[in-house]
Amino acid sequence: MRDPDETKAEQVRVRRYASIIAVGWTAAVAVSLLWNLHQERQEALSVAISQAQAAYDKDVVYRRWNAEHGGVYVPVTPDTQPNPYLSHMPERDITTPSGRLLTLVNPAYMTRQVYELMMKQNGVRGHITSLKPIRPENAPDPWEIEALQTFERGEAEVSALREIDTEVYMWLMRPLVIEEGCLKCHAAQGYKLGDIRGGISVAVPMASLWNIGQGNIPALLLGHVVLWLFGLGGISFAGLHMNQRIQEREQAQAITREAERRYRNLFEQAPVMYVITRNEEGKPVIADCNKRFASTLGYSRAEILERPLADFYAPESVTRLLEDGYERALRGPFVSEERRLLTYDGRAIETQLHALPETDSMGRVIGTRAMYMDISERKRVERALRELNEELERRVVERTRELKERADENETLNQGMLAMLEDLREINLRYRETAQQLQQANAELEAFAYSVSHDLRAPLRAIDGFAQVLEEDYGSQLGTDGQHYLERVRAGSRRMGQLIDDLLTLSRLGRRELTRETLNLTALIQKIYELFAEERAGREIDFRVSDCPPVQADPSLMDVMLVNLLSNALKFTRDRTPAVIEFGCQTEDDQSVFFVRDNGVGFDMEYADKLFAPFQRLHRTEEYEGTGIGLAIVQRVIHRHGGDVWAEAEVDKGATFYFRL
């Protein structure tokens, strides 16, 4: 939970960040305004260049027309006098039959007069020039000299802003290339077709274009001011909203803190024992407990926390806890059963356990939350009731005997029968109350199986040994039927021995401690496959193995598990040619899922729920040998590793056993 001072500091940070964002927003709007003003200027320059290019293109067109016609004759006027630079031409001046004097106007003369008219009308200037001008007035200025030199180097156009008589112009200049009509006047200068003999420059006044751009500035300013104010409003609103959310969160956290305080008080002051465990590799470790639990067992809370829960269980309860009790509590939704706890001085306490899964903020199960109720007094009463039931049974027997002895006394017999019926009803009620004792007896069967397995091994060895002696020493005297019966005795003892071995393996799996190592299952199953040389002899088997990622597991337990799976695959494919057995892996939900697949006889999925139960077989012993323990061992190994195992199959189409750790 957050401290209220931290909440205030966070609100201050939100206001500071809002101020920084506002400054950044102001800078962004200012940059945008400057950029738009720059774009307005660039637009004016682009329009000026376009106008200059259009004027140049027009000049070139009428110059080309004039050159193609060898010039044009116009009347001589004060503004259009005979061109002294064409005096070498015999027909420069002609007189019409009517006596009118005409003079020849070449392209350069015509261009010069057009530029003079454009200057008067719209202020656009023009100048035809060359590095070798015929007319001195056409000599280039320094800027034009530099432009003409760039044309010599291959440039097609030059433009720049220039100031003339305090007025700014956009100057554009392009080269003039010698054409056929140009040689009439310029061949004497040594020019040839395609040579650059000069250029035409056009100057467009910028004042009017600047004025157009200036007219857009108020709108730009207004738009950016509105945008700036809108952004500041959004930033302010966001800052206020965030501060409001922080206040709401603080209020919610205050409510949560109060709820936690009340829960803690209830947890500590409860008259029953509460324990919260954390799941560590399938084993419960005590993460928290209340005072009642510690005081009842005679420990301090510091002596209990972070210790395995099994340390405080009686031995028979430890076995049930580690085998499946804790797994069932983790799976949920609710577990209720009896457990015996041990106090500091070794005294056993009968308790009723109620447990449910404990989850984290992401909904993942991380342990259990359990309540233990001391039922020692109730158990004492139940024992007393059992003794009462036994007494009642004894009384019923005595009453029955008396009734038989007094069979001739009908009235007494009837009264006795009624009393006996009443006693039987009372016994029946008592038996219902004690029926739950049968559940505990079932849980003790596994320990009984372990004990019986050890006690039966020695007699079985004796049976098999004596049967072997009979077969070796007296086999010829027994006859065919005797030898057959003797072989059946030995086969039965071997099968019983195998069953005992499987029972011992199954019981050891629940008691031995896991030793996890990095294990390559691919290499392990290949090694196991080589050990089945006798089972593979004379068979055609296609054994396929895929490279799978390493796992953290107990090598011995995994060896036992894979031996059982591979043994089943070899057994149930003995009638297949070729037999196909495959070990591989796949990824599901970011977890590696391993499988053993075969093309054997398979099974009906209707009976899949019985597959992993001890002594459950889906095929007859005459067809396929076995004890029905192998898959139970497989399931126990996988569950010890915190994983799960399942199977998919189809009759006569093989089976696939999947497992993940």
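The values are calculated or read from the model by the stated rules, or taken from the named source; none is laboratory data. Here the structure is a predicted model, which is why all the values come from computation and not from measurement. Heads up, the Cβs are rebuilt from the backbone with ideal geometry, glycines too, and the neighbour counts pull from every protein chain shown. What goes into the accessible areas is simple: the full protein's heavy atoms, side chains included, and nothing from ligands, DNA or RNA. Shrake-Rupley method; radii C 1.70, N 1.55, O 1.52, S 1.80 Å.
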Legend entry - Residue-by-residue Karplus 3J(HN,Hα) for region 524-533, coefficients 6.51, -1.76, 1.60, Hz, glycine and proline x: 5, 6, 5, 5, 5, 4, 5, 6, 8, 4
Legend entry - Convex hull volume per residue in cubic angstrom - Cα atoms of region 51-108: 105
Inset, instruction - Kindly list the residues of region 558-575 that lie in the label zone of Tyr607, defined by a backbone N under 19 Å from the point 7 Å along the Cα-to-C-beta vector. - result: 565, 568-575
Legend entry - Residue-wise HN-Hα coupling along region 122-136, computed from phi with Karplus coefficients 6.51, -1.76, 1.60 (Hz; x: Gly, Pro): 10, x, 6, 9, x, 8, 9, 8, 7, 6, 10, x, 6, 9, x
Inset, instruction - Could you calculate the FRET efficiency of Asn520 with Trp646 from 1/(1 + (r/R0)^6), where r is the beta carbon distance between them and R0 is 25 Å, rounded to 0.05? - result: 0.60
Inset, instruction - Work out from phi, with θ = phi - 60° and the Karplus expression 6.51 cos²θ - 1.76 cosθ + 1.60, the ³J(HN,Hα) of each residue of region 86-102, listed in order in whole Hz, and give x for Gly and Pro. - result: 10, 5, 6, 8, x, 10, 4, 10, 9, 10, 6, x, 7, x, 8, 8, 10
Inset, instruction - Scan around Gly367 for amide H atoms under 5 Å from its own, H built in the peptide plane at 1.01 Å from N, and keep only partners 5 or more places away or cross-chain. - result: Asn279, Glu358
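With N residues in region 540-584, what two-decimal value do you get for its Cα radius of gyration over 2.2 N^0.38 Å?
Values: Rg = 12.4 Å, N = 45, 2.2 N^0.38 = 9.3 Å.
Here the Cα radius of gyration is 1.32 times the empirical estimate.
How long is the gain from Leu101 to Ala419 if the chain were fully straight, where each residue apart is worth 0.36 nm and the alpha carbon distance is subtracted? Numbers along the way, then the final one.
Details: separation 318, 0.36 × 318 = 114.48 nm, distance 16.56 nm.
My answer for the length gained is 97.9 nm.
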Inset, instruction - Pull up all non-local amide H partners of Gly126: gap of 5 or more, or a different chain, and H-to-H distance under 5 Å with H placed in the peptide plane. - result: Ala203
Inset, instruction - Enumerate the lysines that Lys379 could reach by cross-link, defined here as Cα to Cα under 27 Å, with residues fewer than 8 away along the same chain left out. - result: Lys291
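Once fully extended, how much extra length lies between His88 and Glu43, figured as 0.36 nm per residue of separation less the alpha-carbon to alpha-carbon distance?
Numbers: separation 45, 0.36 × 45 = 16.20 nm, distance 4.86 nm.
Taking His88 through Glu43 to full extension adds about 11.3 nm, to one decimal.
Based on the inverse mean of 1/r over its pairs of different Cα atoms, what is the Kirkwood hydrodynamic radius of region 254-321, in Å?
Kirkwood radius, region 254-321: 13.1 Å.
Test of the criteria: in region 520-624, which chymotrypsin sites (Phe, Trp or Tyr not before Pro) are in a DSSP loop and have at most 12 other Cβ atoms within 10 angstrom of their Cβ?
On the way: sites: Tyr529, Phe532, Phe543, Phe572, Phe583, Phe594, Phe595, Phe603, Tyr607, Phe612, Phe615, Tyr624; in loops: Phe532, Phe572, Phe603, Phe612, Phe615, Tyr624.
Of the chymotrypsin sites (Phe, Trp or Tyr not before Pro), the ones in loops of region 520-624 whose Cβ has at most 12 other Cβ atoms within 10 Å are Phe615.
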Legend entry - Nearby aspartates and glutamates by direct alpha-carbon distance to Lys120 (threshold 16 angstrom, same-chain neighbours under 8 apart not counted): Asp79, Asp165, Glu167
Legend entry - Distance (nanometres) between label positions extended 7 Å along Cα→Cβ at Gln586 and Arg245: 4.2
Inset, instruction - Starting from the alpha-carbon convex hull of region 508-659, give the projected area averaged over all orientations, in nm². - result: 9.1
Legend entry - Exceeding the 27 Å Cα-Cα cut-off - candidates Lys283/Lys527; Lys58/Lys192; Lys283/Lys571; Lys610/Lys653; Lys571/Lys610: Lys283/Lys527; Lys283/Lys571
Legend entry - Base-10 log of normalised Debye intensity for region 1-94 (one unit scatterer per alpha-carbon) at q = 0.20 Å⁻¹: -1.04
Legend entry - Segment Arg264-Leu229, length gained on full extension (0.36 nm per residue, minus Cα span): 7.4 nm
Inset, instruction - For Asp360 paired with Arg383, estimate the spin-label separation in nm (one decimal), with each label point 7 Å from Cα along the Cα-to-Cβ line. - result: 4.5
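Can you tell me the accessible area per residue over region 329-385, all protein chains present, probe 1.4 angstrom, in square angstrom? List each step's numbers first, then the result.
Working: 3160 Å² over 57 residues.
On a per-residue basis, region 329-385 sits at 55 Å².
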Inset, instruction - Give, rounded to the nearest 20 debye, the magnitude of the charge dipole that region 1-152 has about its Cα centre when Lys and Arg contribute +1 at Cβ and Asp and Glu contribute -1 at Cβ. - result: 240
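By its C-alpha gyration tensor, with a ≥ b ≥ c as the square roots of the eigenvalues, how is region 339-412 shaped: rounded for a/c under 1.5, else prolate for a/b larger than b/c, else oblate?
On the way: a/c = 7.31, a/b = 3.05, b/c = 2.39.
Cα axes put region 339-412 in the prolate bin.
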Inset, instruction - Work out the length of the dipole vector of region 193-293 about its Cα centre, built from +1 on the beta-carbon of each Lys and Arg and -1 on the beta-carbon of each Asp and Glu, and round it to the nearest 20 debye. - result: 400
Inset, instruction - Project the alpha carbons of region 196-281 onto their principal axes and report the range along each, largest first, in whole Å. - result: 112, 39, 7
Legend entry - Residues with amide H under 5 Å from that of Ile629, placed H, sequence gap 5 or more: Phe615
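Taking N as the number of residues in region 320-374, what value does Rg over Cα atoms divided by 2.2 N^0.38 Å take? Let's see the in-between values first.
Working: Rg = 12.6 Å, N = 55, 2.2 N^0.38 = 10.1 Å.
Computed over Cα atoms of region 320-374, the ratio equals 1.25.
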